[in-house]
Amino acid sequence: MEGWISLPKIELHAHLNGSIRNSTLLELARVLGDEGVLVSADVEHVIMKDDRSLPECFKLFDLIHVVTTDHETVTRITKEVVEDFAAENTVYLELRTTPKKNESKGMSKRSYMEAVINGLRGIDAVDVVFTPACGRTEISISSPINDSCNGLTRRKIYVRLLLSIDRRETTAAAMETVQLALEMRDLGVVGIDLSGNPVVGEWETFLPALKFAREQGLSVTLHCGEVPNQKEIQAMLDFLPQRIGHACCLEEEDWRKLKSSKIPVEICLTSNIRTETIGSIDIHHFVDLYNAKHPLVLCTDDTGVFSTSLSREYSIAAASFGLDNREIFQLARDAIEYAFADDGVKEDLREIFDSAVKKLGL
Ligand code: 6MZ
């Protein structure tokens, strides 16, 4: 199948500011360069660099945040990121982002998220279904993958949001993010993510907010084991989040716990290789988890930062692990079960995949 673009796909681990088009980042950097806020040539060099270690990634994120944190830009990047995922046939996208305060721009965590929502509302190239209310009943589906209207084929993408807690944040700041997520449930917020530089911060700092999120019925996913830290990995697995991301640096005992817990793992192949969190693709833990029939889902992490796409991640898995077309299709379809969306959305997604079987010649 050409590049797996025609395969319907589910994306469950994508960071908004990590998924910006290079062309947009460069354009934004040039504007700030012209205003004398930064030296755009330096920024261009950093943006265009291909391989970067994990610590370098977090330096890049700080730079990206300098060029993106105003409302208008947040709206623009949200729109572009969703359009890009939809263009490669992602039919369900769980997009995560860290709500940010920026007093100089009059930005609060809430207004940041409102700018994200405005981005979703502003998309007209595809049908975006992002609130439970604008769901299945309001949009008539003539073809499960593409809706036809006036002879034009329109794509449809479900989008749900996760609010990220950055590991640099305090307990109070993490709590504020969870509170905001609860208030924005009607706008498609379904869960909380813990992310950020894995060598910064303590698990105990975030635990009260994560517990509160869970008590209130939000789903939780944790970046777990991006660096070796067995005490934290054990504590995270004991918390029994609905999903974890990465799971690169687990020890024997952690693998046992993970496998018996059946917590689904968000696998980000290119990210793990580029950041050298995993030495090479042939020793990636995907293989062990896949053979053990452990729940897992292929994800991009940061399409912009790692120059990848979801189709590309599927191609890499097919080529590196010898999976045939049917196995790849099943891998993509199984991801529905690990999404944080409600049952009605999942039912629609199953139909989308099942009706794609014939079109894909499977
Ligand atoms: C941990 C990551 C990450 O939230 O500003 N982020 N956290 N590990 C990773 N693997 C490489 N990739 C991205 O998107 C960017 C933020 O997502 C988190 C970091 O906190 C980064 O600043 P938002 O939209």
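The values are calculated or read from the model by the stated rules, or taken from the named source; none is laboratory data. None of the values given here were measured: they were computed from a predicted structure. Quick reminder, even Gly has a Cβ in these numbers, built from the backbone with ideal geometry, and neighbours come from all protein chains shown.
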Listed residues D166, D186; which is surrounded by fewer than 18 Cβ atoms within 10 Å (Cβ to Cβ), of a type outside the set (S, T, N, Q) and in contact (Cβ under 8 Å) with a residue 12 or more places away in the chain? D186
Can you confirm whether R256 is among the basic types (K, R) and without any contact (Cβ under 8 Å) to a residue 40 or more places away in the chain? yes
Residue within the range 17-29 that is outside any loop (DSSP other than H, G, I, E, B) and in contact with a Lys or Arg (Cβ under 6 Å, 6 or more places away or on another chain) present: no
So, restricting to helices (runs of 4 or more DSSP H) that lie completely within the range 252-321, which ones have at least 1 residues that are away from the ligand (no atom under 16 Å from the Cβ) and crowded, with 17+ Cβ neighbours inside 10 Å? 252-261, 286-291, 310-321
Check on E88, closer than 29 Å to A318 by Cβ, crowded, with 23+ Cβ neighbours inside 10 Å and either in contact with a Lys or Arg (Cβ under 9 Å, 6 or more places away or on another chain) or assigned by TED's automatic domain parsing to the domain that holds M175 (or both): no
Is it the case, given these coordinates, that R154 is farther than 25 Å from V128 by Cβ and basic (K, R)? no
When you look at V129, is it crowded, with 20+ Cβ neighbours inside 10 Å, over 28 Å from T170 (Cβ atoms) and either at pLDDT 90 or above or away from the ligand (no atom under 12 Å from the Cβ) (or both), yes or no? yes
For T75, work out the one condition from (1) crowded, with 17+ Cβ neighbours inside 10 Å; (2) hydroxyl-bearing (S, T, Y); (3) within 21 Å of I273 (Cα to Cα) it doesn't fulfil. (3)
Residue satisfying all of: in the range 206-251; polar (S, T, N, Q) and either surrounded by 18 or more Cβ atoms within 10 Å (Cβ to Cβ) or under 20 Å from the mean Cα position of the chain (by Cα) (or both); nearest to the ligand (Cβ to nearest atom) among these: T221
List every residue pair whose Cβ atoms lie under 6 Å apart, where the two residues are 6 or more positions apart in sequence or sit on different chains, the first residue falls within the range 224-250 and is farther than 14 Å from L207 by Cα and not assigned by TED's automatic domain parsing to the domain that holds L207, and the second residue, located anywhere, is surrounded by fewer than 16 Cβ atoms within 10 Å (Cβ to Cβ) and not charged (D, E, K, R). none
If we ask which residues in the range 40-65 are within 21 Å of the chain's Cα centre (by Cα), more than 9 Å from the ligand (Cβ to nearest atom) and surrounded by fewer than 16 Cβ atoms within 10 Å (Cβ to Cβ), their number turns out to be 6
Of the residues in the range 190-205, those that are of a type in the set (S, T, N, Q) and within 14 Å of the ligand (Cβ to nearest atom) come to S195, N197
Restricting the search to the range 1-39, which residues are among the β-branched types (V, I, T), crowded, with 16+ Cβ neighbours inside 10 Å and more than 16 Å from the ligand (Cβ to nearest atom)? I5, I10
